[in-house]
Amino acid sequence: MKFRNIALSGLMAVGCLTASAQTEAKTEYVFQPHWYLQAQMGAQYTLGEISFKDLISPNIQIGAGYQFNKVVGARFTVNAWEAKAGQTMTHYAYAGNGAVAETCSTSKWKWNYVAPMVDATFDLTNLFCAYNPKRLVSVGVFGGVGVNVAFNNDDAINSPVADKLEYLWDGTKARLAARAGANVDFRLSDRVSVGLECSATTLNDHFNSKRAGNADWQFTALAGVKIKLGKGHTTRTVVPAAPVERVVERIVEKPVRVVETVEKPVVKEAEVKAPEQLRRDIFFIINSNVISASEAKKVDEIVEYMNKYPNAKVTVTGYADKGTGNNVINDRVAAKRAQIVVNTLVKKGIAASRISSESKGSRVQPYAENNKNRVTICIAE
């Protein structure tokens with residue numbers, strides 16, 4: 001007998017320690033959609049056959065973007081300045097004695113362009129790691145399409161090799177362009193970060209005036225600053241529900257039923273008071289306010305409790321998960337979840353005066369696990 005009491009005391013102590021650990025509050029970061037602005041400058045290389053350094057030109061880019069969630073965003077940018085190209089020509093001179101002298105000369109030309117582009121952006125760090133807006137370094141990729149508007153091609157028109165350029169163009173030319181790239185951002189504050197970006201852009205073969213039989217390419221490296229407009233995140237404190245609570249509930253209720261059965265003939269119904277509060281969490285599927293068959297049993301348990309204790313009242317609170325919808329939608333869904341429980345209790349004979357209800361939408365999250373917050377919590381006492 002003593003051994004059983006000692007073992008039972010030990011199990012209760014372990015249960016209390018476990019419940020304390022599971023109900024410890026913790027702070028979580030919650031992503032907020034937001035706009036941002038970007039300004040960058042660097043260098044651009046137009047692929048060609050002459051020396052690498054002769055094809056490098058300055059480049060600037062400005063843009064605005066919107067981050068839809070912690071991974072996916074979109075941005076509009078304008079990339080501009082100039083591009084370069086060149087061609088090496090071999091010249092042969094014949095002497096009277098039949099000897100041949102060979103010389104080479106290189107012609108170079110440059111022109112200007114403006115390229116508005118629309119990109120889809122993806123934050124790889126948030127995709128593969130937990131969301132943390134305080135992270136110092138984040139890595140992403142992007143890809144998009146746009147139009148390259150080229151102009152001021154006079155250098156090519158007046159070059160010594162102009163008659164050799166099969167795709168020589170004049171005036172202003174607009175051509176489709178597509179690009180892909182990667183970026184690394186370094187956080188300076190909640191709203192400001194600096195970053196590096198590299199991209200490759202493909203264009204029509206006519207872009208550099210030379211016929212190559214394949215697409216022309218630009219490779220760009222940029223450094224710049226990004227500024228968030230508004231908050232990019234908020235915080236919330238989550239207190240996980242203690243699973244031990246329901247076990248204690250059942251232990252208390254059973255002896256009360258036995259005692260009540262014995263004393264019921266001699267105790268007036270109006271004087272019976274509930275010794276413990278009863279809590280039942282009624283869960284719903286996403287975007288629904290229909291009580292499933294399994295959850296309906298919990299409603300019946302509340303009705304049984306209320307009938308047993310005529311002085312008891314019940315508070316019904318509806319919730320919605322923060323991971324779905326927005327505040328307007330979630331307020332409506334949570335209110336419907338609370339109301340369907342209230343309506344069911346009334347239909348089963350519980351007076352409306354004994355029921356109070358409210359909706360907290362997704363502004364309060366009683367559970368750490370997102371899907372469990374699609375719930376109506378009923379507390380009777």
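Values quoted throughout were computed directly from the atomic coordinates according to the rules given, and no laboratory measurement underlies them. Bear in mind the structure is a predicted one, so any value in this text is a computation, not a measurement. Note that we place each Cβ from the backbone using ideal geometry, even for glycine, and neighbour counts take in every protein chain shown.
A compact table of results
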read-out: Relative packing of 163-169, 335-341, 141-147, which averages over residues the other C-beta atoms within 10 Å, highest first; value: 335-341, 141-147, 163-169
read-out: Rounded FRET efficiency, nearest 0.05, which uses the C-beta distance separating Ala74 from Ala174 and R0 of 25 Å; value: 0.65
read-out: Gain on full stretching of the segment that runs from Val346 to Ile50 - 0.36 nm per residue minus C-alpha separation; value: 98.0 nm
read-out: Charge context of Asp205, other residues only, Cβ under 11 angstrom, K/R +1, D/E -1; value: +1
read-out: Net charge of neighbours whose Cβ lies under 11 Å from the Cβ of Asn132, counting Lys and Arg as +1 and Asp and Glu as -1; value: +3
read-out: Euclidean distance between Cα centres, the range 167-203 to the range 323-381, Å; value: 49 Å
read-out: Reach of Lys347 by Cα under 19 Å, taken over lysines that are not fewer than 8 positions away in the same chain; value: Lys297, Lys298, Lys308, Lys313, Lys336
read-out: Pairwise FRET efficiency - Asp155 versus Thr237, Cβ, R0 = 56 Å, nearest 0.05; value: 0.30
read-out: Environment charge at Ile56 (Cβ cut-off 14 Å; Lys +1, Arg +1, Asp -1, Glu -1); value: +2
read-out: Largest to smallest principal axis extent of the C-alpha atoms in the range 152-201, angstrom; value: 56, 19, 18
read-out: The range 271-381: C-alpha pair distances exceeding 22 Å, %; value: 29 percent
read-out: Stretch gain in nm, segment Glu28-Cys104, where the contour uses 0.36 nm per residue and the Cα spacing is subtracted; value: 20.6 nm
